[in-house]
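The values are calculated or read from the model by the stated rules, or taken from the named source; none is laboratory data. A quick note: this is a predicted structure, and the numbers were derived from the prediction, not measured. Here the Cβ is made from the backbone with ideal geometry for all residues, glycine too, and neighbour counts use every protein chain on show. SASA here: full protein model, heavy atoms, side chains in, ligands and nucleic acids out. Shrake-Rupley method; radii C 1.70, N 1.55, O 1.52, S 1.80 Å.
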Number of protein chains: 2
Amino acid sequence: MNVSMLSTPVLLLDETRLASNLARVRAAVAAHAGVQLRAHLKTVKSIEIAERILRAAGGAAVSTLREAEYFLAGGVTNLLYAVSITPDKFARVGDLVAAGANMTVVLDDMEIADSVARWFTAARKHIHVLMEIDCDGHRCGVDPESSELISIARVLDRASGVDLAGVMTHAGASYECKTIPDIIAMAERERSCAVRAARRIRDAGIACANVSIGSTPTILLARTLDGVTEARVGVAFFNDLTMVGLGVCAAQDIALSVLATVIGHQVNRQQLIVDAGWTALSSDRGHASQRVFEGYGVVADSQGRVVGDLGVVATNQEHGIIASASGVALEFERFPIGSRVRILPNHACATAAAFAEYHVHGSDGRILTRWQRCSGW
Amino acid sequence: MNVSMLSTPVLLLDETRLASNLARVRAAVAAHAGVQLRAHLKTVKSIEIAERILRAAGGAAVSTLREAEYFLAGGVTNLLYAVSITPDKFARVGDLVAAGANMTVVLDDMEIADSVARWFTAARKHIHVLMEIDCDGHRCGVDPESSELISIARVLDRASGVDLAGVMTHAGASYECKTIPDIIAMAERERSCAVRAARRIRDAGIACANVSIGSTPTILLARTLDGVTEARVGVAFFNDLTMVGLGVCAAQDIALSVLATVIGHQVNRQQLIVDAGWTALSSDRGHASQRVFEGYGVVADSQGRVVGDLGVVATNQEHGIIASASGVALEFERFPIGSRVRILPNHACATAAAFAEYHVHGSDGRILTRWQRCSGW
């Protein structure tokens, strides 16, 4: 069966591009002695893809407990739940430990550290804790220079049921960078903040073995990861237009696309209408800094080759509106009603999350297999 | 069980608000003699909600064939598939007819009209066709003044297997209106375009019984629907911040919310972090014209009452960042880590699409039941 025979909209995954993205991630991490890959599976959410990735990784990160449960059921035991833990989620984490997971949780708050220490010690469910460090003002984490860093570390160090495994940080602000040197500088900031926090904890006489950092742009472009033990990436396995816009990859490295059918011509307005709206492409308009296209995706032909500067300029629930970014006249005869296009995603995680499965194809467009995704919380 | 005991993020549906929204839609349509409600089920995607709505409706509209199959299985037979039909979808529509659906499809293209006429006549699967009219340059449809309108009507009129049921239009541009008088003017434009197209078809000696129009803002605010036979609304059953921004409803009319847990405090940046990111809230930033809040949702307390001017200012996959729109100091003690907030959605269709089910609650917060949603295509 060929891609062109599928019912649309449908999510396609190019196996050749996936394999080459994976090879690139492996090589990028292998270039840094002493650093292991921790694959963030929030992007792929599929055990079949995870199995390929984890052959070269030290462990996995997940963004929901549902993912942790799904991947554990698939045999992935080394799991980092990379979103701040709260007491309402302790019982589920405890159940994961009881079911055989080697669980790591993250936190950045004194009261939560205290609750974690008490609950997991009382429950006799051993877990590892990474303290989250704020390296860029992006989201979560404690200041690496704060007194809180040491006081939280001390609470965790004293608890018998938990192991202060180390520190982690995420340079989410790398997505806002404008140039490659900016990303390289952000990677150094991410590294040095995490290493600094670990050193302060060790200087206080507390063990802090692991230093975990990562975002796709920073890990792929970092010049040095000295002092880092673990690098996390997620989007890098698929790539997307945000990564193209950042200069981290090229459009032909994007492994994911949405196959859509042309359902209308608006000749007066020079627009094509397709049957992929925001339910299929996601409402993610990409980053403000995105240099490629300010819309909901870039249009490729049925073989995945980008077509001029066509993009999805607007979406409704089940309609996508395609036009030329620069106003070039559309060749309607190239896109008859009923013909197919492929739309490259702004944000691979968000577009993939719109679908229950991947249709995996070779570079010749032949459908090789289907892989399910997990969803929900 | 109470709302506060649920695992987060979770989608809540306030049954009292749903009932009052439904009553408002019924009254708005009943005010126009000769007009029947056609409920667009793309927003609710639940048979339990559809059953309540359809007690007062002439039929249903759907945005995917998956919805059509799901609602037909639930006993809803009068179905309008409201997205331009293409040949790749004929067989599924034919199967719906064979399974007992009274199916209507829409089209706006001569070649497709010809294909529909041939295929359904040959397959002996009787369907109804509404020709889509472009009333606002928003998306699909033929110009009501064009010669194409008549030539397409003639092709459909001559085919024995299809019934030209009438015309339909959708004033999608009503979402961009800035004032109530603008919406009222848009409603009149939607009405008059559809009525004019129907009159031209009738003047050409072709039967054109139905005139179907609709968007939530225009139907709720239209002064007259003279000549219209059918009014379509979808969002009106739930309401959302876009509707509040348009002045179509108040925040307390929004029946949908996402319950989230506070997972972090960033005191220096005056931000709360919650466990609802774009996977739960959708990436829909609302409309540019939205007057309420330029973010990903407005924050209410665990009882659903809006809290000051707090909103979700940024989202990552599983993190939402909450801050005051005007920079008012946050009362962190009101939102301890582990406490709950409810987030009102920018766009009800998109937020609901992020979840597999509704947790339905009464005005006292008691969970009454759970209703599943259909998804995919």
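Those residues that are assigned to a helix (DSSP H, G or I) and surrounded by fewer than 18 Cβ atoms within 10 Å (Cβ to Cβ), I need them from region A:168-181; list them, please. Give the steps one after another, and end with the answer.
Of the residues in region A:168-181, the ones assigned to a helix (DSSP H, G or I) are A:172-176, A:180-181.
Correct list: A:Glu176, A:Ile180, A:Pro181.
For region B:124-164, name all the residues that are of a type in the set (Gly, Ala, Ser) and buried (at least 23 other Cβ atoms within 10 Å of the Cβ).
Looking only at region B:124-164, we keep the residues that are of a type in the set (Gly, Ala, Ser), and these are B:137, B:141, B:146-147, B:151, B:153, B:159-161.
Hits for region B:124-164 are B:Gly141, B:Ala153.
Keeping to region A:299-312, report how many residues are outside any loop (DSSP other than H, G, I, E, B) and either away from every other protein chain (no Cβ under 14 Å) or in contact (Cβ under 8 Å) with a residue 40 or more places away in the chain (or both). Please lay out each step first, then the result.
Taking region A:299-312 first, the residues outside any loop (DSSP other than H, G, I, E, B) are A:299-300, A:306-312.
Those still in the list that are either away from every other protein chain (no Cβ under 14 Å) or in contact (Cβ under 8 Å) with a residue 40 or more places away in the chain (or both) too: A:299-300, A:306-311.
Count: 8.
Taking the options B:Arg334, B:Arg340, B:Arg366, name whichever one is among the charged types (D, E, K, R) and free of Cβ contacts under 8 Å to residues at least 60 places away in the same chain. Outline the logic, then answer.
Details: B:Arg340 fails: free of Cβ contacts under 8 Å to residues at least 60 places away in the same chain; B:Arg366 fails: free of Cβ contacts under 8 Å to residues at least 60 places away in the same chain.
One residue alone meets the criteria, B:Arg334.
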Here the residues within region A:313-367 that are in a helix (DSSP H, G or I) and under 27 Å from B:Asn316 (Cα atoms) are A:Ala348, A:Cys349, A:Ala350, A:Thr351, A:Ala352
Checked against (1) away from chain A (no Cβ under 14 Å); (2) open to solvent by less than 20 Å² (accessible area, probe 1.4 Å); (3) in contact with a Ser or Thr (Cβ under 9 Å, 6 or more places away or on another chain), B:Glu15 satisfies every condition except (2)
Flagged pairs (Cβ under 6 angstrom, 6 or more apart or on separate chains; first in region A:48-68, over 28 Å from B:Pro9 (Cα atoms); second assigned to a helix (DSSP H, G or I) and not acidic (Asp, Glu)) are A:Ala56/A:Arg26
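Give B:Ile321, B:Ile337 a once-over and let me know the one that is out of contact with any Asp or Glu (no Cβ under 8 Å at 6 or more places or on another chain), facing chain A (nearest Cβ under 9 Å), more than 22 Å from B:Gly234 (Cβ to Cβ) and buried (at least 18 other Cβ atoms within 10 Å of the Cβ).
Numbers: B:Ile337 fails: out of contact with any Asp or Glu (no Cβ under 8 Å at 6 or more places or on another chain).
Going through B:Ile321, B:Ile337 in turn, the sole match is B:Ile321.
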Counted residues in region A:81-114 being of a type in the set (Asp, Glu) and more than 10 Å from chain B (Cβ to nearest Cβ) come to 2
Among A:Arg334, A:Arg340, A:Arg366, A:Arg373, the single one that is of a type outside the set (Val, Ile, Thr) and under 26 Å from the mean Cα position of the chain (by Cα) is A:Arg373
Notebook entry, point to check: Is it true that some residue in region B:206-229 is more than 26 Å from B:Ser324 (Cβ to Cβ), over 21 Å from the mean Cα position of the chain (by Cα) and acidic (Asp, Glu)?
Noted result: yes
Looking at region A:206-221, can you tell me whether even one residue there is within 14 Å of chain B (Cβ to nearest Cβ) and of a type in the set (A, V, I, L, M, F, W, C)? no
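Hey, can you tell me all the residues within region A:234-257 that are among the hydrophobic types (A, V, I, L, M, F, W, C) and within 11 Å of chain B (Cβ to nearest Cβ)? Give the derivation first.
Of all residues in region A:234-257, those among the hydrophobic types (A, V, I, L, M, F, W, C) come to A:235-238, A:241, A:243-244, A:246, A:248-251, A:254-256.
Of everything in region A:234-257, just one residue is among the hydrophobic types (A, V, I, L, M, F, W, C) and within 11 Å of chain B (Cβ to nearest Cβ), namely A:Val235.
Within region B:354-376, can you find the residues that are among the aliphatic types (A, V, I, L, M) and open to solvent by less than 50 Å² (accessible area, probe 1.4 Å)? It would help to see each step written out before you state the result.
If we filter region B:354-376 for residues that are among the aliphatic types (A, V, I, L, M), which is where we start, we get B:354, B:356, B:360, B:367-368.
Scanning region B:354-376 gives B:Ala354, B:Val360, B:Ile367.
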Note on region B:301-317: residues at negative phi, out of contact with any helix residue (DSSP H, G or I) (no Cβ under 6 Å at 6 or more places or on another chain) and surrounded by 21 or more Cβ atoms within 10 Å (Cβ to Cβ) are B:Leu310, B:Gly311, B:Val312, B:Asn316
Those residues of region A:107-131 which are out of contact with any helix residue (DSSP H, G or I) (no Cβ under 7 Å at 6 or more places or on another chain) and either under 13 Å from B:Ile337 (Cβ atoms) or without any contact (Cβ under 8 Å) to a residue 12 or more places away in the chain (or both) amount to A:Asp108, A:Asp109, A:Glu111, A:Ile112, A:Val116
The correct count of residues that are under 25 Å from B:Cys349 (Cα atoms) and of a type in the set (Ser, Thr, Tyr) in region A:293-338 is 2
Reported set for region B:120-149 where residues are among the small types (Gly, Ala, Ser) and either more than 12 Å from chain A (Cβ to nearest Cβ) or not in a loop (DSSP other than H, G, I, E, B) (or both) is B:Ala122, B:Ala123, B:Ser147
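On the basis of being more than 14 Å from chain B (Cβ to nearest Cβ), open to solvent by 60 Å² or more (accessible area, probe 1.4 Å), outside any strand (DSSP E or B) and farther than 23 Å from A:Val228 by Cβ, does A:Ala117 make the cut? Give the derivation first.
Numbers: more than 14 Å from chain B (Cβ to nearest Cβ): yes; open to solvent by 60 Å² or more (accessible area, probe 1.4 Å): no; outside any strand (DSSP E or B): yes; farther than 23 Å from A:Val228 by Cβ: yes.
No: the conditions fail for A:Ala117.
Just wondering, is there one or more residues in region A:30-37 that are surrounded by 22 or more Cβ atoms within 10 Å (Cβ to Cβ), of a type outside the set (A, V, I, L, M, F, W, C) and in contact with an Asp or Glu (Cβ under 9 Å, 6 or more places away or on another chain)? Talk me through it step by step, then tell me what you get.
If we filter region A:30-37 for residues that are surrounded by 22 or more Cβ atoms within 10 Å (Cβ to Cβ), which is where we start, we get A:35, A:37.
Going one step further and asking which of them are of a type outside the set (A, V, I, L, M, F, W, C), we end up with none.
No, region A:30-37 has no match at all.
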Of A:Ala187, A:Ala198, the only residue that is under 25 Å from A:Leu22 (Cβ atoms) and either over 22 Å from the mean Cα position of the chain (by Cα) or more than 14 Å from chain B (Cβ to nearest Cβ) (or both) is A:Ala187
Looking for something free of Cβ contacts under 8 Å to residues at least 60 places away in the same chain and either within 12 Å of chain B (Cβ to nearest Cβ) or basic (Lys, Arg) (or both) - is there at least one such residue anywhere in region A:343-361? yes
Fill in: Condition check for A:Ala73: free of Cβ contacts under 8 Å to residues at least 40 places away in the same chain and open to solvent by 10 Å² or more (accessible area, probe 1.4 Å)
yes
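Checking the structure you have, find out if any residue of region B:19-33 is basic (Lys, Arg) and within 11 Å of chain A (Cβ to nearest Cβ). Spell out the reasoning first.
From region B:19-33, those basic (Lys, Arg) are B:24, B:26; that's our starting set.
Narrowing the set further to residues that are within 11 Å of chain A (Cβ to nearest Cβ) leaves none.
Within region B:19-33 (the criterion being basic (Lys, Arg) and within 11 Å of chain A (Cβ to nearest Cβ)), the answer is no, since none of the residues qualifies.
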